[in-house]
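Below: one structure, written as structure tokens.
The values are calculated or read from the model by the stated rules, or taken from the named source; none is laboratory data. Predicted, not measured: the structure shown is a model, and the values here were computed from it. Here the Cβ positions follow ideal geometry from the backbone for every residue, glycine too, while neighbour counts run over all protein chains shown. With ligands, DNA and RNA removed, areas are computed over all heavy atoms of the protein, side chains included. Shrake-Rupley method; radii C 1.70, N 1.55, O 1.52, S 1.80 Å.
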Amino acid sequence: MIYPIVMYGDPVLRKKAKDLEKGTDLTKLVNDMFETMHAAKGIGLAAPQIGQSIRLFIVDGTTLEDEPDLKDFKKTFVNPIMLDEHGLPWPFEEGCLSIPNIREEVERPEKLRIQYFDENWNPFEEEFSGMKARIIQHEYDHIEGKLFIDYLSPLKKRTLKGKLANISRGDVDTEYRILAPLKK
Ligand code: NI
């Protein structure tokens with residue numbers, strides 16, 4: 001089942017998401033999230049983006065041909081805890097399925113250490129760097145109620161105000177189904 005993607009302005013994107021009860025069967029939800037993300041050609045999707053305020057996100061960089069480092073990077077993160085972010089901050093132009101057609105440069109630390117469960121509740125503690133870390137940081141922000149535009153300068157944010165208002169009204173071109181909070 002393909003969910004519509006929740007657009008910028010919906011309060012669910014600003015909530016700190018809640019942990020899942022350990023042992024919950026996530027098979028259908030995780031399958032649906034991968035289906036939804038692939039249909040929208042995304043490389044990451046967090047549960048709040050389908051309207052569910054729970055600590056769950058998925059990543060899949062395996063389709064990016066110019067990123068050989070990501071060829072096995074398809075994962076589910078359940079109840080993740082960011083233990084540490086370190087290394088030199090580096091800039092990268094980010095986008096987000098909930099903020100279509102806007103891409104802006106964001107600086108984030110190069111590396112991270114994260115604790116999480118996979119979809120079968122196997123526990124992991126791992127270190128990631130580079131693009132893998134970048135994707136995880138962006139998705140982890142979603143379950144904390146944060147968005148990449150929060151890192152932009154006040155000036156930059158002001159220049160995007162009109163576009164963001166249009167997105168909240170559903171006045172934006174996408175190749176996937178959206179759910180806009182202010183759509184009449
Ligand atoms: Ni996003």
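For region 1-65, the Kirkwood estimate of hydrodynamic radius, built from reciprocal distances between every pair of different alpha carbons, is 12.4 Å.
Per residue, the chain exposes 53 Å² of solvent-accessible protein surface, assessed with a 1.4 angstrom probe and all protein chains in place.
Hey, for a label at residue 41 modelled as a point 7 Å past Cα toward Cβ, could you say which residues of region 145-184 have their backbone N under 17 Å away? The answer is 172-178, whose backbone nitrogens lie closer than 17 Å to the label point. Here each label is just a point 7 Å from Cα along the line to Cβ, and for residue 103 and residue 24 those points are 3.4 nm apart. Report the accessible area of residue 22, computed with a 1.4 Å probe over the heavy atoms of all protein chains in place, in Å² rounded to the nearest 10. Result for residue 22: roughly 140 Å² accessible.
Considering only 122, 101, 31, the Gaussian network model of the chain with Cα springs below 10 Å gives its largest mean-square fluctuation to 122. Measuring nothing but protein heavy atoms, the accessible surface of the chain at 1.4 Å probe radius is 50 percent carbon and sulfur. Springs join every pair of Cα atoms under 10 Å in this Gaussian network model of the chain, and among 143, 81, 50 the largest mean-square fluctuation is at 81.
With only Cα atoms counted, region 42-125 has Rg and Dmax values of 13.9, 36 Å.
When the square roots of the Cα gyration tensor eigenvalues are ordered a ≥ b ≥ c, the ratio a/c for the chain is 1.5 or more and a/b does not exceed b/c, which makes its shape oblate.
When shorter helices are ignored and each DSSP H run of at least 4 residues is given -39500 (n - 2.57), the per-residue value for the chain at 222 nm works out to -7500 deg cm²/dmol.
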